[in-house]
Amino acid sequence: MSRFPLADRLAKLPPYLFAAIDKAKAEVQARGVDIISLGIGDPDLPTPDFIIEALHRGAKNPENHRYPSYVGMKSFRQAVADWFPKRFNGVTLDPDTEIVSLIGSKEGIAHFPLAYINPGDLALVCTPNYPVYPVAVDFAGGKVEYVPLTAENNYLPDLEAISADSWKKAKMIFINFPNNPTSAMADRAFFERLVEKAREYNVIIVSDAAYVDVYFDPANKPLSILEIDGAREVAIEFHSLSKPFNMTGWRIGMAVGNESLIQGLGKIKENVDSGIFQAVQEAGIAALEQGEAVLDANRAIYMERRDAVVDALGKAGIDCLIPQAALYVWGTVPKGFTSAEFATDLLQKTGVVVTPGSGFGIHGEGFFRISLTVPTDRLKEAVSRIASL
Ligand code: MLT
């Protein structure tokens, strides 16, 4: 028993999914096993040189050595405002009121409920889900109602199945398309229905758009919720430079959308952090301004990897969803295993790390997730080890 017991909010939490996977992986690695790590969605591709060079220039400028602005440099917010309409069908954003910089989208998502959830308030969380959503609601004292994403509904939440009572009570709904972990995409009709519901019941839409630029069909690009009429009244959207530009270690992202929601989040952030190193923001500007070729090159690499995994899993008789976007393949656990048993056995017996679907909530039970973040030959090797289990 520790002399300093943890607060209840932390004591009741299971270990953070990816930290627990890292620990298990390190134990097996210490035995000298050749590990193929398909757990966390952490791109193996390097950050492009022109982004690193922008950081280098920025780091040499003494102006950048002092506290950054809380909401982000005006030039960073302007770069976001310039990028947004080019990517999302002419949607314009006011850099002064509708954009705030984030120390990665995880930071913003984790802090946002503190601005709008009072103890006992309800949040709807579509699940299987990124583990941060329910934890963030819980830290704010709120309660979570899970909304299942099922194969029968193309991994979209059935908005009509949420009771009127829940819609009335809910302060916010968390969505994430392209989806982690399933890789499902949402269409315009879904976003329109969601915005309609949110406006009817005065519910905040928290849209996690971290994977919006990792897609495989240029004729069917993932949408921003802000492309939908009326969304700006009710939505905040979280973007990240991590996955599209191979910048997970840099910690830079942004929240965009409804002005008062951006202000609410900004107020929390003023009290808990002091912004992003300005040289990193300057690197972020370079990514947004000159990054299109990188995005295309990354998409081609992920598509090749996706095709190799889907093909190899198919040959091994393991079902999976064919991803249209995101970095993940969502596979069905072979009969006779739970998700956790499968992931543990796989690691112990073959050295392959996957994420158990149950780590994303009970609706992930029966599935496992592969991250496409190692080269194709290693992915093929991983699937052949999976097939041998
Ligand atoms: C994941 O693997 O689900 C993500 O990479 C985790 C994250 O972005 O924090």
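Points worth noting:
- Proximal lysines to K197, defined as alpha-carbon separation beneath 18 angstrom and excluding residues fewer than eight positions away on the same chain: K168, K169, K171
- Diffusion of the stretch 136-263 by Stokes-Einstein, at 37 °C in a medium of 0.692 mPa s and with Rh set to the Kirkwood radius over alpha-carbon pairs, works out to 212 µm²/s.
- Straight-distance crosslink candidates among lysines, where the alpha carbon sits under 17 Å from K243 and sequence neighbours closer than 8 are dropped: K106, K221
- Choice from S183, S37, S260 with maximal GNM fluctuation in the chain (Cα, 10 Å cutoff): S260
- Per-residue Cβ neighbour rank within 10 angstrom, fewest leading, H56, H111, H239: H56, H111, H239
- log10 of Debye I(q)/I(0), alpha-carbon scatterers only, for the chain at 0.10 Å⁻¹: -0.66
- Spatial offset of the stretch 87-104 relative to the stretch 353-385 amounts to 33 Å, using the alpha carbon center of each.
- DSSP loop chymotrypsin sites (Phe, Trp or Tyr not before Pro) with at most 16 other Cβ within 10 Å: longest gap in the chain: 71-389
- 17 Å Cα-Cα reach of K23 towards aspartates and glutamates, excluding residues that sit fewer than 8 places from it in its own chain: D34, D42, E341, D345
- Taking other C-beta atoms within 10 angstrom as a stand-in for reagent exposure, R306, R87, R369 fall in the order R87, R306, R369, fewest first.
- For K74, K12, K197, the sequence from fewest to most other C-beta atoms within 10 Å is K12, K74, K197.
- Calculated P(r) of the stretch 257-389 - Cα pairs past 25 Å, %: 46
Any read-out appearing in this document is the output of simple, stated calculations on the displayed coordinates, not a laboratory observation. Just so we're clear, the structure is a prediction, and the values are computed from it rather than from any experiment. Here Cβ is always computed from backbone atoms with ideal geometry, including for glycine, and neighbour counts include all displayed protein chains.
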